Amino acid sequence: MKVVQLGAFGRPEEVVACVEVGDPGAPGDDEVLIEVDAFPINPADLLVMQGRYAVRPPLPARLGAECVGTVRAVGAAVAGFAVGDRVISLARENWVQQRRLKADEVVRLPPGGDRLQLAMLKVNPPTAHLMLTRYEPLAPGDWVIHNAANSAVGHWVIHLAREAGIRTVNVVRREGLEPALRALGADVVVVDGPDLAERVRAAGATAPIRLALDAVGGEAVMRLGDCLVEEATILNYGLLSGAHPCLRGDQTVFKRLWLTGFWLLPWLQRMAAGERHALYAMLAEPVIAGRLHVDVEATYAIEDIRAAVAHAARGGRDGKILVTPNGARP
């Protein structure tokens, strides 16, 4: 069986390799055996390889925050799963061809839908949902502003906000993205820059904004802060700039902005199993129905993992990079 292994911390394409290991074997009584159909390469995965994530695993280490797979065997004491079910893994170390998992570490998905799209279900959709619903009491007609709006999380923010009647200011880093984001339901699309607050107002977002979602860090946080009303919330969930989030003194003291971080893992750990399953069933529905589609720029074989992570680390992409470790399937 092939797995992706991290041998050191550094440039992703230099520190990962596809290696052969023994097959996982039959599942235990409380386990299922899944065959991994596809997995995405996320920014958090790249941070792990670089040694910059919240957790530095002991080396050598297996990688991978998420995947979609098909159940191939079910333990004797497991109920609610059958061979052929499509599932996502809530555990890590998913960049493999096969995995044995505890039954409570997998979520069964409804039938149908594109495997590549479902492979991206675990992290980005609940991140967008929880950031929109658990920090500020937003009502239909309210506004939210977020940067990296062309990212996978950004697309989910637009979709979920539109479904809830919430209006979005969508900050991007280059021209030419407005038509595609408008087609998703974006209300206002602006290119980031020192005068972001003026651009936002000029584009028509003149109502108070109480929530900002930041994936960039650094001075981008200050620019979002300039767009907010007093005592508003900024959620930092990524560091695409490589810089720590920054606010000015006038924003913290006089404007009294609240800057905090969002990490999905603690939220999932606090949820009961039934709540997690209901959350993912709700989020899978628009994907399976085809109402939400995240662009995929390329797919790779697991043997080409070094080329895949190098591609994922490049800026200016127009879609996600995924790996199909057991070959491409419909």
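What the table below lists for this structure:
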item	result
Residue-by-residue Karplus 3J(HN,Hα) for the stretch 78-93, coefficients 6.51, -1.76, 1.60, Hz, glycine and proline x	8, 10, x, 10, 9, 4, x, 5, 8, 9, 10, 8, 8, 8, 9, 6
Stretchable slack from TYR53 to ALA298, in nm (0.36 nm times residue separation minus alpha-carbon distance)	85.7 nm
Stretchable slack from ALA243 to ARG162, in nm (0.36 nm times residue separation minus alpha-carbon distance)	26.1 nm
Inter-label distance, nm, simple model (7 Å from Cα along the C-beta direction), ARG134/ASP104	1.8 nm
Förster radius 35 Å - calculated FRET efficiency between VAL191 and ALA307, Cβ distance, rounded to 0.05	0.70
Amide H partners (placed H, <5 Å) of GLY10, local residues excluded	GLN50, GLY51
ASP114-ALA79 FRET efficiency (beta carbon distance; Förster radius 25 Å; 0.05 resolution)	0.35
HN-Hα J in Hz across the stretch 155-170 - Karplus 6.51, -1.76, 1.60, θ = phi - 60°, x for Gly and Pro	4, 5, 4, 4, 4, 5, 5, 4, 4, 8, x, 8, 8, 10, 9, 10
Integer Hz, Karplus 6.51/-1.76/1.60 couplings in order for the stretch 195-208, x for Gly and Pro	9, 4, 4, 5, 5, 5, 5, 5, 7, x, 8, 9, 6, x
[x] 76, 53, 42; [y] 59, 46, 46; [z] 60, 40, 35, with the label sought being that of the calculated Cα extents along the principal axes in Å	[z]
Taking the chain and dividing mean pair separation by its residue count, relative contact order in percent (alpha carbons under 8 Å, at least six apart)	18 percent
Accessible area per residue, Å², the chain with all protein chains present, probe 1.4 Å	43 Å²
With every protein chain in place, the chain: carbon and sulfur % of accessible area (1.4 Å)	52 percent
Inter-site label distance for VAL253 and GLU13 at 7 Å from Cα along Cβ, in nm	4.7 nm
Cβ crowding within 10 Å averaged over residues, with 116-129, 10-23, 169-182 ranked highest first	116-129, 169-182, 10-23
Length released on extending from ARG291 to ALA180, taking residue separation times 0.36 nm less the Cα-Cα span	38.5 nm
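The values are calculated or read from the model by the stated rules, or taken from the named source; none is laboratory data. Since we're looking at a predicted model, the values are computed, not measured. All Cβ positions, glycine included, derive from the backbone under ideal geometry; neighbour counts span all protein chains shown. For the accessible areas, the whole protein counts, side chains as well, though only heavy atoms, and no ligand, DNA or RNA atoms are used. Shrake-Rupley method; radii C 1.70, N 1.55, O 1.52, S 1.80 Å.
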